[in-house]
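Note sheet for the following structure.
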Amino acid sequence: MYAIFETGGKQYKVAAGDVLKVEKLPEGVGEKIKFDKVLAVNDGKETHVGTPYLDAATVDAEVTAVGKGEKIIIFKFKAKKDYRRKRGHRQPFTEIVIESVTLGGNTVMKNEAPKKAPKKKDEPADENKDEKPETAADEPEAKEAAEAAEAVETPDAPETPDAEKAEEADEAVEAAEAKPEDADAAAEQAEGDDSASSASKLTKADIMAKLDELGAEYAKSAKKDELLAILAEAENK
């Protein structure tokens with residue numbers, strides 16, 4: 001069974017329950033529409049054809065959406081004339097679903113969509129669903145497991161008096177080994193380092209002047225490092 005009707009200058013072949021897009025109509029979403037320009041109806045037994053339309057024949061539909069189609073580009077140009085025109089267009093449409101078709105006051109076909117089952121309310125998730133409840137029989141087992149774990153973990157052994165005495169003896173030996181002679185040697189070494197650093201800051205002329213004062217022999221063509229070595233020997237004599 002089918003019906004052919006006209007709207008927006010176009011003809012559509014439909015059956016009950018079909019969803020199609022037609023040229024934009026003034027009705028909004030959820031409103032009912034009756035198309036009375038029916039060209040032909042097939043009721044399953046014979047086909048009724050109008051001249052051009054059938055009397056007392058209608059196609060009932062419901063608007064499900066209103067929108068615009070995909071954009072198309074219109075581009076015009078004229079060669080060698082520097083003429084370019086680019087336009088875009090989105091054709092508006094109305095989406096409908098065919099509810100029923102009537103002919104002579106009788107319903108030929110009807111949309112008998114199955115009713116949707118009511119949605120069940122979301123049940124709260126039970127986080128402790130898989131966990132077993134603790135019973136009185138499980139308590140002794142838990143206590144035994146805890147005692148076994150404590151027995152495995154051995155605490156650190158406390159320090160004995162002998163160990164403390166040994167540490168004190170080691171500290172005394174280290175203090176005895178640190179003699180004053182080592183302190184004196186360290187001080188002399190520090191003084192020598194200071195004098196060496198101050199001597200390295202002197203210019204070559206200053207070093208030669210000091211060598212002349214000390215009466216040391218040296219070659220004027222000698223490098224600064226050699227002069228420093230000669231000056232150190234002269235000062236140590």
Original post:
Within the range 55-65, can one find any residue that is more than 28 Å from Asn106 (Cα to Cα) and out of contact with any Pro (no Cβ under 6 Å at 6 or more places or on another chain)?
Top reply: yes
Original post:
If you go through the range 70-126, how many residues are surrounded by 11 or more Cβ atoms within 10 Å (Cβ to Cβ) and at pLDDT below 85?
Top reply: 0
Original post:
Out of all the residues in the range 62-76, is one or more in a strand (DSSP E or B) and in contact (Cβ under 8 Å) with a residue 40 or more places away in the chain?
Top reply: yes
**OP:** Take the residues in the range 1-43 that are assigned to a strand (DSSP E or B) and either in contact with a helix residue (DSSP H, G or I) (Cβ under 7 Å, 6 or more places away or on another chain) or among the β-branched types (Val, Ile, Thr) (or both), then tell me which one is farthest from Thr94 (Cα to Cα).
**Re:** Val41
Subject >> Criterion violated by Val59 - all others in (1) assigned to a strand (DSSP E or B); (2) within 42 Å of the chain's Cα centre (by Cα) satisfied >> reply: (2)
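The values are calculated or read from the model by the stated rules, or taken from the named source; none is laboratory data. Here the structure is a predicted model, which means the values were calculated and not measured. Every residue, glycine among them, receives a Cβ derived from its backbone with ideal geometry; neighbour counts consider all protein chains shown.
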